[in-house]
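A.B. asks: Pasting a structure here, questions to come.
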């Protein structure tokens with residue numbers, strides 16, 4: 001009887017053991033820790049099939065290293081060749097620098113304003129830790145957009161950089177590409193008068209990356225000596241009708257945020273009569289030989305735009321013989337905390353359109369300069 005009872009029990013334990021083995025074999029694929037070694041493990045995975053583990057290096061996602069960082073050895077005055085924003089900026093700025101270095105033998109560098117802002121965040125937090133030792137502080141981190149500027153150095157002073165600027169702008173556009181299939185060039189939509197139909201037509205073209213190149217100060221070099229413009233007596237005449245004339249600024253220093261190159265044209269009487277399009281945008285003239293200064297009007301409109309209550313900037317305009325410059329603010333010293341705060345604020349402003357381009361394009365690093373006086 002005992003033997004008969006034992007057989008079913010043995011069979012039952014055998015079935016349980018077999019079932020446990022099968023369960024263990026199946027569970028191996030789902031990361032269940034086995035208490036007994038298996039003779040032939042089905043797989044070495046520690047997570048379910050189809051799921052990949054998250055490794056620490058994929059979480060940290062370190063930022064790419066700047067291959068051509070700007071240094072103080074580049075000189076005090078530079079030419080800002082072009083600027084790029086966003087995730088494609090690192091690749092595009094690197095391509096431009098490599099072509100300038102290899103093809104044109106120019107000492108070109110990359111300056112990322114975003115890296116500079118993040119560095120300042122870290123410095124401010126370390127200062128707070130020193131000020132309040134032993135106090136648990138929470139680091140405040142705000143989003144900083146990457147702004148890559150391609151800068152060309154090697155100039156002994158402002159005059160030599162300014163003299164080379166027209167030649168630099170005539171360089172052929174760099175050959176650029178993006179792996180994501182997007183166009184690496186900024187597309188410009190503009191209107192002009194068709195010479196045959198005499199009607200305005202809309203056209204689209206590539207904007208030369210160096211079209212808005214200008215002379216800037218090295219942002220890594222302190223403003224030990226200010227940039228004082230040499231007074232031109234003709235400026236008083238050029239700016240006498242400007243509502244936002246910089247010459248009315250009561251302070252000694254200001255920030256340059258945009259420069260428009262002069263594009264003066266003359267119209268004959270016949271051209272003026274049929275030029276309804278230019279009249280519509282405010283550039284038309286009714287007198288023969290009237291000068292159309294698009295740069296001056298663009299500068300005036302930008303200053304007016306920056307002064308609107310939604311933005312609240314005190315913007316100024318200075319018209320010169322060849323350019324019109326837009327400035328913001330007035331300060332007693334380059335070291336004025338308000339000057340530095342405003343400079344950082346303006347560096348982070350981006351006026352995006354629906355297609356992601358910035359139609360205004362303020363300087364990535366506003367320049368501290370003296371207000372010109374006679």
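A.B. asks: Inside segment 152-174, can you point out the residues that are touching a helix residue (DSSP H, G or I) at 6+ places or on another chain (Cβ under 7 Å) and either surrounded by fewer than 11 Cβ atoms within 10 Å (Cβ to Cβ) or not in a loop (DSSP other than H, G, I, E, B) (or both)?
C.D. replies: 152
A.B. asks: Could you check, for segment 117-129, whether at least one of its residues is surrounded by 17 or more Cβ atoms within 10 Å (Cβ to Cβ) and either assigned by TED's automatic domain parsing to the domain that holds residue 66 or in a loop (DSSP other than H, G, I, E, B) (or both)?
C.D. replies: Filtering segment 117-129 down to residues surrounded by 17 or more Cβ atoms within 10 Å (Cβ to Cβ) leaves 117.
Retained after the next criterion (residues that are either assigned by TED's automatic domain parsing to the domain that holds residue 66 or in a loop (DSSP other than H, G, I, E, B) (or both)): 117.
Yes, segment 117-129 has at least one match.
A.B. asks: Residue by residue through segment 199-209, note down the ones that are in a loop (DSSP other than H, G, I, E, B), surrounded by 12 or more Cβ atoms within 10 Å (Cβ to Cβ) and either modelled with pLDDT of 85 or more or in contact with a helix residue (DSSP H, G or I) (Cβ under 9 Å, 6 or more places away or on another chain) (or both).
C.D. replies: Hits for segment 199-209 are 208, 209.
A.B. asks: Turning to a different aspect of this structure: Mind checking whether some residue in segment 103-115 is assigned to a loop (DSSP other than H, G, I, E, B) and buried (at least 17 other Cβ atoms within 10 Å of the Cβ)? So that I can check it myself, show each step before the final result.
C.D. replies: Taking segment 103-115 first, the residues assigned to a loop (DSSP other than H, G, I, E, B) are 103-107.
From what's left, buried (at least 17 other Cβ atoms within 10 Å of the Cβ): 106-107.
Checked against the condition, which is being assigned to a loop (DSSP other than H, G, I, E, B) and buried (at least 17 other Cβ atoms within 10 Å of the Cβ), segment 103-115 yields at least one hit.
Residue by residue, here is whether (1) over 30 Å from residue 119 (Cα atoms); (2) touching a strand residue (DSSP E or B) at 6+ places or on another chain (Cβ under 7 Å); (3) not assigned by TED's automatic domain parsing to the domain that holds residue 81 holds:
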{"position": "183", "(1), (2), (3)": "yes, no, no"}
{"position": "187", "(1), (2), (3)": "yes, yes, no"}
{"position": "190", "(1), (2), (3)": "yes, yes, no"}
{"position": "194", "(1), (2), (3)": "yes, yes, no"}
{"position": "198", "(1), (2), (3)": "yes, no, no"}
{"position": "205", "(1), (2), (3)": "yes, yes, no"}
{"position": "208", "(1), (2), (3)": "yes, no, no"}
{"position": "213", "(1), (2), (3)": "no, yes, no"}
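The values are calculated or read from the model by the stated rules, or taken from the named source; none is laboratory data. A quick note: this is a predicted structure, and the numbers were derived from the prediction, not measured. No Cβ is skipped: glycine too gets one built from the backbone with ideal geometry, and neighbour counts run over all protein chains shown.
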